[in-house]
Amino acid sequence: MAAMAMKKLAKKAEKKAPWRRSKNSPAKAPANQKKTGRNAGLELDPKRIEELLKRLQAAYPNAECALHHRNAWELLVATILSAQCTDARVNMVTPSLFRKFPTPAAFAGASLPAIEEEIRSTGFYHNKAKSISGAAKRVVSEFGGKVPEAMPELLTLPGVARKTANVVLGVAFKKAEGIVVDTHVLRLSHRLGLTRAEDPKKVEEDLMRIIPRNHWIAFSHEMIHHGRQICIARKPKCAECPLETLCNAPDKTWSSH
Ligand code: SF4
């Protein structure tokens, strides 16, 4: 019974996210990959990874963070606002938000309803306002009004987990402390056979093990751009994809091999 229930659950998960790889995926596992253990079904040949990075870089030579910002604080706020919201929507909201509250101190002194009023259209605005207000208060009281430049300190700010911290560190401070794992990076990492983990922290650890550190910042942006433009969640545009010959995703829409 338990086995049947597990099978049903697995089928349901596969239907919801067909890009997820089971232990037995991909359909055509490269001959040189490990077939057992934690790497079973993954495609981690360093030469292949090197080629993936090369092609991503060639396809998106100027990949940058799409969130408009003028400093680390504004980027932190914009990243908090971008949860479950498009970057375009965030970019529509932030000019007026930062005009009204130009510094962390201004946010710290603002009431929650005043912040909520400005960010309502980004969704989940109660929680986002709480996070921004809490982060502003802590930046002012503990860090002299400046966004800290280290991962452990950033993680003490309300509403800031590794994804936001990695965006701020990589984009604002050019520090490669980790790899941004958002919904696009998660989906593409599965399709490209780079991880089987579901938890973003574990996905990030897997990626950090196989991607050379000097590529971490660019890799995040390139994967996000690729996920938005070509490797979209439903019906990826495989016929147009520069990574196609390297990809054995279970839900490819076209294949040359
Ligand atoms: S071939 Fe298709 S599934 Fe694979 S990375 Fe490209 S768009 Fe995504």
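Which of (1) assigned to a helix (DSSP H, G or I); (2) touching a Leu at 6+ places or on another chain (Cβ under 6 Å); (3) open to solvent by 60 Å² or more (accessible area, probe 1.4 Å) is the odd one out, the single condition Ala135 does not satisfy?
Of (1) assigned to a helix (DSSP H, G or I); (2) touching a Leu at 6+ places or on another chain (Cβ under 6 Å); (3) open to solvent by 60 Å² or more (accessible area, probe 1.4 Å), only one is false for Ala135: (3).
What pairs come out if I take residues in the stretch 172-197 that are without any contact (Cβ under 8 Å) to a residue 60 or more places away in the chain and under 16 Å from Lys235 (Cα atoms) and pair them with residues that are surrounded by fewer than 24 Cβ atoms within 10 Å (Cβ to Cβ) and of a type in the set (Lys, Arg) whose C-beta lies under 7 Å away, six or more apart or interchain?
Final answer for the pair search is His184/Arg228.
With hydrophobic (A, V, I, L, M, F, W, C), open to solvent by less than 70 Å² (accessible area, probe 1.4 Å) and touching a His at 6+ places or on another chain (Cβ under 6 Å) as the only criterion, which of Ile230, Ile224 stands out? Steps first, answer last, please.
Values: Ile230 fails: touching a His at 6+ places or on another chain (Cβ under 6 Å).
Going through Ile230, Ile224 in turn, the sole match is Ile224.
Go over the candidates Pro250, Pro242 one by one and state the one that is within 12 Å of the ligand (Cβ to nearest atom), open to solvent by 40 Å² or more (accessible area, probe 1.4 Å), under 15 Å from Leu53 (Cβ atoms) and in contact (Cβ under 8 Å) with a residue 40 or more places away in the chain. Steps first, please.
Values: Pro250 fails: under 15 Å from Leu53 (Cβ atoms).
Exactly one of Pro250, Pro242 is within 12 Å of the ligand (Cβ to nearest atom), open to solvent by 40 Å² or more (accessible area, probe 1.4 Å), under 15 Å from Leu53 (Cβ atoms) and in contact (Cβ under 8 Å) with a residue 40 or more places away in the chain, namely Pro242.
Please enumerate the residues belonging to the stretch 201-231 that are within 8 Å of the ligand (Cβ to nearest atom) and either hydrophobic (A, V, I, L, M, F, W, C) or within 16 Å of Leu44 (Cα to Cα) (or both). Talk me through it step by step, then tell me what you get.
Restricting attention to the stretch 201-231, the residues satisfying the condition of being within 8 Å of the ligand (Cβ to nearest atom) are 226, 230-231.
Ile230, Cys231, listed by residue number.
Spot the failing condition for Ala176; the list is (1) out of contact with any Pro (no Cβ under 6 Å at 6 or more places or on another chain); (2) closer than 18 Å to Leu67 by Cβ; (3) part of a loop (DSSP other than H, G, I, E, B), and only one is missed.
(2)
Counting only residues that are open to solvent by 50 Å² or more (accessible area, probe 1.4 Å) and more than 17 Å from Lys201 (Cα to Cα), how many does the stretch 144-157 have? Walk me through it before giving the result.
Filtering the stretch 144-157 for residues open to solvent by 50 Å² or more (accessible area, probe 1.4 Å) gives 144, 146, 149, 152-153, 155-156.
Narrowing further to those that are more than 17 Å from Lys201 (Cα to Cα): 144, 146, 149, 153.
The number of residues fulfilling the criteria is 4.
Can you say whether Leu169 is in contact with a Lys or Arg (Cβ under 7 Å, 6 or more places away or on another chain), in a helix (DSSP H, G or I) and either within 19 Å of His69 (Cβ to Cβ) or in contact (Cβ under 8 Å) with a residue 60 or more places away in the chain (or both), as far as the supplied structure shows? Before the answer, list the steps.
Values: in contact with a Lys or Arg (Cβ under 7 Å, 6 or more places away or on another chain): yes; in a helix (DSSP H, G or I): yes; either within 19 Å of His69 (Cβ to Cβ) or in contact (Cβ under 8 Å) with a residue 60 or more places away in the chain (or both): yes.
The answer is yes for Leu169.
The values are calculated or read from the model by the stated rules, or taken from the named source; none is laboratory data. Values in this document were obtained by computation on a predicted structure and should not be read as measured data. Neighbour counts are summed over all protein chains in view; Cβ atoms, including those assigned to glycine, are modelled from backbone coordinates with ideal geometry. Ligands, DNA and RNA are stripped out before the accessible areas are found, and what is left, the full protein with its side chains, is counted by its heavy atoms. Shrake-Rupley method; radii C 1.70, N 1.55, O 1.52, S 1.80 Å.
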